[in-house]
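First comes the structure, then the notes that go with it.
The values are calculated or read from the model by the stated rules, or taken from the named source; none is laboratory data. Just so it is clear, the structure is predicted and the values come from calculations on it, not from any experiment. We place every Cβ from the backbone using ideal geometry, glycine too, and count neighbours over all the protein chains shown.
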Amino acid sequence: MNARSARPQRTHRSGPRPPSLGSNLWTLAALLVLLGLSAGSALLKLGPFNAVANLGIAAIKALLVLTIFMRLKTDSPLLRIVASAGFAWLAVMIALALADVLTRTPLLVPA
């Protein structure tokens, strides 16, 4: 008997299959296009719509990273729940910080 046949074969998978090279390249191309859009929108004078556009672009980039690179699309439901809870907690913290900043009164300059 040789040493290779004595080893037990792995029959289980340790998780979902990683994304293919084509999928990674398409995601990279999409992220680079979105990067160009967000950099280009900084040069345009869109007024208050500039912040809305950049937040939308950032949300799309975050969804791409979550679904493709973090494998939330194909991984276990428990991981999706944990990731959702983490982002919900992040939204609560951002809302509390924003509420704190927006309710402050400006300091008076001493005369």
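Pull up segment 23-55, narrow it to residues that are of a type in the set (Gly, Ala, Ser) and surrounded by fewer than 14 Cβ atoms within 10 Å (Cβ to Cβ), then point me to the one that is nearest to residue 90 (Cα to Cα).
In this case the residue turns out to be 51.
Take the conditions hydroxyl-bearing (Ser, Thr, Tyr), under 30 Å from residue 19 (Cβ atoms) and modelled with pLDDT under 90 and apply them to residue 41. Does it pass? So that I can check it myself, show each step before the final result.
Working: hydroxyl-bearing (Ser, Thr, Tyr): yes; under 30 Å from residue 19 (Cβ atoms): yes; modelled with pLDDT under 90: no.
It is false that residue 41 is hydroxyl-bearing (Ser, Thr, Tyr), under 30 Å from residue 19 (Cβ atoms) and modelled with pLDDT under 90.
Across segment 67-86, which residue is modelled with the lowest pLDDT among those that are hydrophobic (A, V, I, L, M, F, W, C) and touching a helix residue (DSSP H, G or I) at 6+ places or on another chain (Cβ under 6 Å)?
So the residue we want is 72.
Does segment 6-14 contain any residue that is surrounded by fewer than 10 Cβ atoms within 10 Å (Cβ to Cβ), over 20 Å from the mean Cα position of the chain (by Cα) and either modelled with pLDDT of 90 or more or part of a helix (DSSP H, G or I) (or both)?
There is at least one residue in segment 6-14 that is surrounded by fewer than 10 Cβ atoms within 10 Å (Cβ to Cβ), over 20 Å from the mean Cα position of the chain (by Cα) and either modelled with pLDDT of 90 or more or part of a helix (DSSP H, G or I) (or both).
Out of 90, 107, I need the residue that is surrounded by fewer than 10 Cβ atoms within 10 Å (Cβ to Cβ) and either in contact with a Lys or Arg (Cβ under 9 Å, 6 or more places away or on another chain) or aliphatic (A, V, I, L, M) (or both). Which one?
Result of the check over 90, 107: 107.
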